[in-house]
Amino acid sequence: MDFLTDFPTAASGLEPFKLLLPLGLILIFAKLFSLLLGKLKMPQVIGFLIAGLVVGAIGFIPNQQVLTTNTMTGLSYFSKIGVILILFTAGVETDIKKVKAEGLASVVITSLGVIVPLLFGFVVAFLFRKFGGLDTSFVGVDINPIYSDIFYGVILSATSVSITVATLKELGRLDTRVGTALVSAAILDDIIGIILLSLIISLANGSKTGAGDDFVSMIMRATGSTSTALNISLIVIFMIVFFGLTYGLGIVVKKFFNYLGTKYPHHIRITIISLGLCFLWSYLAEYFNIADITGAYLMGLIFAGTKPADYIDHRAETTNNYIFAPVFFASIAMEMYQTSFDSTFLAFLGFGLAWVLAGLLGKVVGAGLGARIMKFKFKDSLRIGVGMMARAEVLIVCAQKGVEANLVSSQIMPFTLILILVSSFLTPIFLKLLYKGEPLENSGSVQELKKSETTAVAK
């Protein structure tokens, strides 16, 4: 783009001050609804989504000048920063030491807690596509629809145990075998889910030989090759290279930030530099055929092991919740108004409801089965499965990434909201019922879990 002639200005129809009205409305309604939902012990993200539905309704007013193409474009820029910071803070909050402490149990629970809902989602999407009239016109050109089926499953692999943790705290059960296994499995779940998201998107677009500006496309264009096999091989190689670079960078960054955390604790320079690295690594990830949000999450993982990790997390999350996160979720809700309620939606309605059910049962069956394999009692296994059932912001992020990559229909977004609402409502109810009438445990959870793992491995 020629900076002087092509840069959008007021003369070209973009008047930046007009963005302030929808932005102000979103922030005010987002806070009001999040406070209301907080009293009902529901995630604040639901309040953000409702705010988007309220503000988005302005679009139905004839000749309105609030939600125009230009203002929506401006909001989309805020949204992009919001989703990056959501995954960055998720990475910073990831406690790798806890995963290591729980060991084999968390690996088994997480693995099945990812595989089973992914499989359920894939089967539901495949069957509805083949026999249920599910429209696949949204799938990008040259993309095999089977990748769309897989991605519907990938979305369901996401989990969020914030409600579960709050419920277990209320019941006095967080520091138990079930509580520690749930938290560590959820941490590992996020890591696997984000990697799967990048992998499927990259593989799905692998047939678009040389179409992008990433390193793989550059090589394919330079060699003149159109081989899909070579393209996919290069994608996998560059993903491995990126993870290797992340590990190497992590060694340097951790030493530097441990120094900053010791010499300049709680100093604003720590926040500024960490956010700068987050954005740079997110940008670089795209050149390695990895989703930008994966780059943000990996950078967050690096900071998770540093002295100022809590300070970075607090500052980044506060910055995001002030403006960017509410705009991201509100924008997602606004897009729901673009859903076409035609004959294709009726077919999608059946699929969407089956998909929600697959998401609920997938976690209960998968994580619960993993717990049984690790010698948890049946009731404890069911508690773990129910605890892993809850969903929140990561589910929406994954779904939105699929929409942007033309892998899933935008009509799935209302059903992501339904899944979040239903799981957020049912999880604490079921957990309280499963613990009803039982005395509190007094024994240490980590020691019991390690003993259980040793016994399981020996057998």
Subject >> segment 297-326, residues that are under 19 Å from the mean Cα position of the chain (by Cα) and hydrophobic (A, V, I, L, M, F, W, C) >> reply: 298, 299, 301, 302, 303, 304, 316, 323, 324, 325
Original post:
Restricting the search to segment 82-106, which residues are modelled with pLDDT under 85 and β-branched (Val, Ile, Thr)?
Top reply: 94, 96, 99
Original post:
Has segment 375-383 got any residue that is of a type in the set (A, V, I, L, M) and touching a Phe, Trp or Tyr at 6+ places or on another chain (Cβ under 9 Å)?
Top reply: yes
Subject >> In segment 50-75, the residues that are within 24 Å of residue 31 (Cβ to Cβ) and not β-branched (Val, Ile, Thr) >> reply: 51, 52, 53, 56, 57, 59, 60, 64, 67, 72, 74, 75
Original post:
Just a yes or no: is a residue in segment 377-385 of a type in the set (Ser, Thr, Tyr), at pLDDT 90 or above, crowded, with 18+ Cβ neighbours inside 10 Å and over 15 Å from the mean Cα position of the chain (by Cα)?
Top reply: yes
Original post:
Which condition number in (1) assigned to a helix (DSSP H, G or I); (2) under 26 Å from residue 416 (Cβ atoms) is the one that residue 249 fails?
Top reply: (2)
Subject >> Hits in segment 11-35 (condition: farther than 18 Å from residue 327 by Cβ and either within 24 Å of the chain's Cα centre (by Cα) or outside any helix (DSSP H, G or I) (or both)) >> reply: 13, 15
**OP:** Could you please tell me which pairs satisfy a Cβ distance under 6 Å, a separation of 6+ or placement on different chains, a first residue in segment 153-174 that is over 11 Å from residue 428 (Cα atoms) and in contact (Cβ under 8 Å) with a residue 60 or more places away in the chain, and a second residue that is crowded, with 24+ Cβ neighbours inside 10 Å and charged (D, E, K, R)?
**Re:** 159/189; 160/391
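Every residue, every condition in (1) farther than 27 Å from residue 354 by Cα; (2) of a type outside the set (Gly, Ala, Ser); (3) touching a strand residue (DSSP E or B) at 6+ places or on another chain (Cβ under 6 Å), yes or no:
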| site | (1), (2), (3) |
| --- | --- |
| 53 | no, yes, no |
| 66 | yes, yes, no |
| 124 | no, yes, no |
| 133 | no, no, no |
Original post:
Can you name the condition, by its number, that residue 164 falls short on among (1) of a type in the set (S, T, N, Q); (2) more than 30 Å from residue 432 (Cα to Cα); (3) touching a Pro at 6+ places or on another chain (Cβ under 9 Å); (4) buried (at least 21 other Cβ atoms within 10 Å of the Cβ)?
Top reply: (2)
**OP:** Of all residues in segment 37-53, count the ones that are part of a helix (DSSP H, G or I) and surrounded by 14 or more Cβ atoms within 10 Å (Cβ to Cβ).
**Re:** 11
Original post:
Within the set of pairs 6+ apart or on separate chains, which have a first residue in segment 293-314 that is surrounded by fewer than 23 Cβ atoms within 10 Å (Cβ to Cβ), a second that is part of a helix (DSSP H, G or I) and among the basic types (Lys, Arg), and C-beta atoms under 6 Å apart?
Top reply: 305/254
**OP:** Show the residue pairs that are 6+ apart or on different chains and have beta-carbon atoms under 9 Å apart, the first residue being within segment 54-72 and surrounded by 12 or more Cβ atoms within 10 Å (Cβ to Cβ), the second being of a type in the set (Phe, Trp, Tyr).
**Re:** 54/29; 54/33; 55/29; 56/337; 57/337; 59/337
Original post:
Within segment 124-161, can you find the residues that are over 30 Å from residue 41 (Cβ atoms), surrounded by 18 or more Cβ atoms within 10 Å (Cβ to Cβ) and small (Gly, Ala, Ser)?
Top reply: 125, 148
Original post:
Has segment 335-352 got at least one residue that is in contact (Cβ under 8 Å) with a residue 12 or more places away in the chain, under 20 Å from residue 120 (Cα atoms), surrounded by fewer than 24 Cβ atoms within 10 Å (Cβ to Cβ) and of a type outside the set (A, V, I, L, M, F, W, C)?
Top reply: yes
Original post:
Quick check, is residue 285 modelled with pLDDT of 90 or more, buried (at least 17 other Cβ atoms within 10 Å of the Cβ), within 15 Å of residue 243 (Cβ to Cβ) and under 25 Å from the mean Cα position of the chain (by Cα)?
Top reply: yes
Original post:
Can you tell me which of 448, 393, 438 is surrounded by 17 or more Cβ atoms within 10 Å (Cβ to Cβ), modelled with pLDDT under 90 and among the acidic types (Asp, Glu)?
Top reply: 393
Subject >> Close pairs from segment 258-271: first under 14 Å from residue 314 (Cα atoms), partner of a type in the set (Phe, Trp, Tyr) and assigned to a helix (DSSP H, G or I), Cβ under 6 Å, at least 6 apart >> reply: 266/311
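The values are calculated or read from the model by the stated rules, or taken from the named source; none is laboratory data. If you're wondering where the values come from, they're calculated on a predicted model, not measured in any experiment. Neighbour counts are summed over all protein chains in view; Cβ atoms, including those assigned to glycine, are modelled from backbone coordinates with ideal geometry.
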